[in-house]
Amino acid sequence: MIIHCLSGSLDHLKAVLCTTLVRNLEITWEYIDPLVSQPTCSFYVTDDNGNIFDQPGLAPLVAICSGKTFVNGAQLKFFELISVHFERYFDVILAEHMGIADYSNDHISHCQQKVNQFLDYLDQHLASSNFVAGNKPQPVDGYVYACIYPLIIDKDLNALLEGKSGIAKWIGKWRRFAKLVEPFTMDTFRIVQLVTVVPHHLRREYEIREPESAYYTTPIYYVNGEPHVGHVYTTLLTDIAVRWHRMMGWDVLFQTGTDEHGLKVQQTAEKNGVEPKDWCDSLIPPFKEAFERYNFSYDRFIRTTDEDHVEAATFMWKKLLEGDHIYRGEFKSWYSVSDEQFLTNMDVEPLKDANGQDVIEDGEVVHISTLSGHRVVWQCEENFMFRLTNFQDILLEHYERHPEFVSPYIRKKEMLMFIRSGLRDISFSRSHVSWGIPVPDCEGETMYVWCDALTNYLTGTGWPVQETKWWPASVHLIGKDILRFHAVIWPAMLIAAGIELPKRIIAHGWWTRNGQKISKSLGNAFDVFEMADTWGVDLLRYYMAGATSHGSDGDFVDAHLAQAYLSDLADSLGNIICRAVALTVTESDCVPAFNEEKMTELDHDILKKMRVLCGAIDHQMISIETSRVVQLIREFVGDLNSYFQARAPWKLLKTDKDERDTVIYIVQDLLRRVAIVLSPFMPETMTKLLDILAVAPEHRVGKDSLLNECIVSGTKLNLENVVLFPKDMPVLKDFYVAKHQKGKKGKK
């Protein structure tokens, strides 16, 4: 069964909750960009042959997927009534918490009132209903759960049930729903896409922030192979944020680098017959080459083998030891060599064979990590321990005082659940690993990854040798798989050392390709150099930054990349560029004159939209919501095309050339500003657009350049090559052929 999501509506989120709860179905989701297909419904359902099951809508979808129909009239009526209340609050509450959209404070307050009304209604109905009480879940139960789901992740369950006997009765009867909250959290929000277009009258308006100093970091990447899509994606998101802030006049330090110590590197070097340091040295050039190829503007590429980092890590160790935060003890735990990670029993499970039986080797059951799938071994050794247990309450207090500390919202909830479940002291050194930073005054023992690797963020600022303006870090941008390390262990270490905590930790998702895990064995490996050769760096930067919602996993599909190029760039942005400088309309290769007296309401409206856009982008860059920024820019370029069509300067050419010139001036200057806001995503291409418009260097950066008209009338344009997004790219040929063949097959 395939569910085709056609719009920015979050109906598909409700649907997946209902269907999964009722039948635990295997469902494939196919996302179609609404700005391309312009659908009239939220989703429809087909079988694998493309046959449509039913008319669009949630009720028939749930009935279809559950194998039941709503034969009970009272049940259907309840379903319809609950929908009315549900729609009043769901999108706003969920969108606010997940960073999907921004709404005005008045609208949020109004919706919160509706939440209370909705809960009262739902409670009264559940208290008196006689059909939500069977021995098996009904479709309506899935819908009830979908309704209260946003509140469950926003509040704890006890707070939700307080004074609500009907809801309490229902959850008591269906306790399995509450137990399934955590698994649904990840699977559900992976589906939510950033396509909700908030009406302009509901949007908040933000002022562009004043420049400050800022320090942005990626994690240091483990040198266990060639650079891959994950390395590029993390560094790309950070680079976009850094470029934006530098463009706005901020003084920014940007650090990335590599983690080069540990057992895996030691073993690999031994297999290759070289020293570990030499092995690491051989792996660094491809990383730097990839980062240069993708135009990453980092200031320092730090390595854990750098001399100043070894000194900083040693200083951190001594500081923690002096504060009695490190002690000698025996540590027993599961350990993944591949991940260089200790694991709890909750993170480990037996490996199963094809028949579902435990795999046994040498008389022992083989176990794997539930986080990565890699094999684990049981280890017991005497080493140094860090008193992480002592920091549970302190960390919870910090999360409470700084709600922005971890994002996105759902990841913060994950970390809070993990901390509240109880922390335990962690291993802080290794006694059988020689390749690492030596533990001071303890021959033969090396620091474990916590002190060795995490301290790199301080090293990059000059700590502890010099006073620095760069700390605390503005943002640690990381993958979701290492969030615990950065959001629990690292803050505890800093608190123990008396050092201020970073301002934000942002965790992004993983990438798949065509719906599958990226793997050489599957034949879908993502070669970052080959992809750059095929598609071009700027297009890859644009697509990857905008293809997935904040914190969610992304699926790299070549057809979607081609579609983004054709619809967003060639047909939309490329179209308005060519029209704005076409001599048949402008009659000149120079910037036209601007006459404020010739402006209409449409002119003022499009200029206001640009000012609102700039403030919104600056606000989204606080938490590096790049996909939201791409959506906002794409929407504005669509508005700009509509404005050009509505003002029709080719008609004004015959009636009022001064007004024609004013319209052309406005469009050309707005294109200058579009180029500026897109330059962090597509630096090379947007430089070409600014060159076409002959924009002076001082009008390519800065707050004033974004908020004011800056192009100079009479300036000669550079019109030699205005087609920035040609449709004759060789790679697009295959896309067209595949699309044509698919269409012919469907007709048969």
Selection within region 347-357 - open to solvent by 60 Å² or more (accessible area, probe 1.4 Å) and either of a type in the set (Asp, Glu) or in a strand (DSSP E or B) (or both)
GLU349, LYS352, ASP353
From the options ILE489, ILE482, ILE506, ILE426, residue that is under 18 Å from the mean Cα position of the chain (by Cα) and closer than 22 Å to HIS261 by Cα:
ILE482
Conditions (1) open to solvent by 30 Å² or more (accessible area, probe 1.4 Å); (2) out of contact with any Asp or Glu (no Cβ under 6 Å at 6 or more places or on another chain); (3) farther than 27 Å from GLY509 by Cα; number of the one not met by VAL433:
(1)
Answer yes if at least one residue in region 640-647 is among the hydroxyl-bearing types (Ser, Thr, Tyr), surrounded by 20 or more Cβ atoms within 10 Å (Cβ to Cβ), touching a Leu at 6+ places or on another chain (Cβ under 9 Å) and in contact (Cβ under 8 Å) with a residue 24 or more places away in the chain, and no otherwise.
yes
(1) out of contact with any Lys or Arg (no Cβ under 8 Å at 6 or more places or on another chain); (2) open to solvent by less than 20 Å² (accessible area, probe 1.4 Å): which one isn't true of GLU361, the others all being true?
(2)
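One line per residue, one yes/no per condition, for (1) of a type in the set (Ser, Thr, Tyr); (2) closer than 30 Å to PHE405 by Cβ; (3) in a loop (DSSP other than H, G, I, E, B); (4) more than 28 Å from the chain's Cα centre (by Cα):
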{"position": "ASP603", "(1), (2), (3), (4)": "no, no, no, yes"}
{"position": "LYS608", "(1), (2), (3), (4)": "no, no, no, yes"}
{"position": "LEU613", "(1), (2), (3), (4)": "no, yes, no, no"}
{"position": "VAL630", "(1), (2), (3), (4)": "no, yes, no, no"}
{"position": "GLU635", "(1), (2), (3), (4)": "no, no, no, no"}
{"position": "LYS654", "(1), (2), (3), (4)": "no, no, no, yes"}
{"position": "PHE681", "(1), (2), (3), (4)": "no, yes, yes, no"}
Is there any pair with a first residue in region 572-593 that is closer than 11 Å to TRP650 by Cα and a second that is open to solvent by 60 Å² or more (accessible area, probe 1.4 Å) and in a helix (DSSP H, G or I) whose Cβ atoms are under 8 Å apart and which are 6 or more apart or on different chains, and what are they?
THR584/TRP650; VAL585/ARG579; VAL585/TRP650
Can you pull out the residues in region 387-410 that are outside any loop (DSSP other than H, G, I, E, B) and closer than 22 Å to GLU340 by Cα?
LEU388, THR389
Taking region 383-427 as the region of interest, how many residues are small (Gly, Ala, Ser) and either surrounded by 13 or more Cβ atoms within 10 Å (Cβ to Cβ) or in contact with a Pro (Cβ under 6 Å, 6 or more places away or on another chain) (or both)?
2
Residue ID - modelled with the lowest pLDDT, chosen from residues in region 433-486 that are out of contact with any strand residue (DSSP E or B) (no Cβ under 7 Å at 6 or more places or on another chain) and of a type in the set (D, E, K, R):
GLU467
Just checking, how many residues over region 663-718 are farther than 28 Å from ASP251 by Cβ, open to solvent by 10 Å² or more (accessible area, probe 1.4 Å) and touching a Ser or Thr at 6+ places or on another chain (Cβ under 8 Å)?
2
Hey, any hits in region 320-336 for a residue that's modelled with pLDDT under 80 and closer than 30 Å to THR235 by Cα?
no
Subset tally (residues that are assigned to a helix (DSSP H, G or I) and open to solvent by 10 Å² or more (accessible area, probe 1.4 Å)) for region 546-564
6
Looking across region 304-343 at residues that are touching a Lys or Arg at 6+ places or on another chain (Cβ under 8 Å) and either β-branched (Val, Ile, Thr) or assigned to a strand (DSSP E or B) (or both), the single one that is most open to solvent (accessible area, probe 1.4 Å) is TYR327
Note on region 245-286: residues aromatic (Phe, Trp, Tyr) and under 23 Å from GLY230 (Cα atoms) are PHE254, TRP279
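The values are calculated or read from the model by the stated rules, or taken from the named source; none is laboratory data. Computed from a prediction, not measured in an experiment: that's the story for all the values here. Cβ atoms come from the backbone with ideal geometry, glycine included; neighbour counts cover every protein chain shown. What goes into the accessible areas is simple: the full protein's heavy atoms, side chains included, and nothing from ligands, DNA or RNA. Shrake-Rupley method; radii C 1.70, N 1.55, O 1.52, S 1.80 Å.
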